[in-house]
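Below is one structure, written out as structure tokens; comments come after it.
The values are calculated or read from the model by the stated rules, or taken from the named source; none is laboratory data. In this text the structure is predicted, and so the values were computed from the model without any measurement. Note that we place each Cβ from the backbone using ideal geometry, even for glycine, and neighbour counts take in every protein chain shown.
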Amino acid sequence: MSAQETKALIAQAVEGFQAAVPALAPLKMVLGLELRGKHDVQMYRVELPGPKITKDSAHDAKVRLAVQRADFNRLAAEPTTAGWRAAFEKGHAKASGPEQLTRLIANVVEKHDERERLIAQSRRRA
């Protein structure tokens, strides 16, 4: 996969996640993304909102996200909070950064998922 294709895939993943969790869309930060393949690691700098994506080590990143390349490809194609949650729980994705920021993101996603569950339950009852 070329660098341009990878950047497009990263943009698709970010935009899909922001669409799934709109409360995170205005969040301003720099994310360091590590895509781990079988024999290499590709580093990208993702500036939010945007996203502005460059192939760089992202020395100014607030949060670092490390994901196996195959898992990232799948998550980018179907960007759901459930998919990302499963990737983190199974150890296929790891995030590091200031605890306040990572906790904030996790809490926003959790509250979003909880609202979605309540809406789905109320639709089933109606």
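Within 25 Å of GLU110 (Cβ to Cβ), under 12 Å from the mean Cα position of the chain (by Cα) and touching a residue at least 40 places away in the same chain (Cβ under 8 Å) - does that describe any residue in the range 25-48?
No, because not a single residue in the range 25-48 is within 25 Å of GLU110 (Cβ to Cβ), under 12 Å from the mean Cα position of the chain (by Cα) and touching a residue at least 40 places away in the same chain (Cβ under 8 Å).
With the checklist (1) at pLDDT below 90; (2) closer than 20 Å to LEU9 by Cα in hand, flag the one item LEU31 doesn't pass.
Result: LEU31 passes all but (1).
I'm trying to understand the selection: among the residues of the range 67-125, which are assigned to a loop (DSSP other than H, G, I, E, B), among the small types (Gly, Ala, Ser) and surrounded by 10 or more Cβ atoms within 10 Å (Cβ to Cβ)?
GLY97
So LEU33 passes all but one of these: (1) in a strand (DSSP E or B); (2) in contact with a Lys or Arg (Cβ under 7 Å, 6 or more places away or on another chain). Which condition number does it fail?
(2)
Test GLN4 against the criterion of being outside any loop (DSSP other than H, G, I, E, B) and either surrounded by 12 or more Cβ atoms within 10 Å (Cβ to Cβ) or in contact with a Leu (Cβ under 7 Å, 6 or more places away or on another chain) (or both), and give yes or no.
Values: outside any loop (DSSP other than H, G, I, E, B): yes; either surrounded by 12 or more Cβ atoms within 10 Å (Cβ to Cβ) or in contact with a Leu (Cβ under 7 Å, 6 or more places away or on another chain) (or both): no.
When the stated conditions are applied, GLN4 does not pass them.
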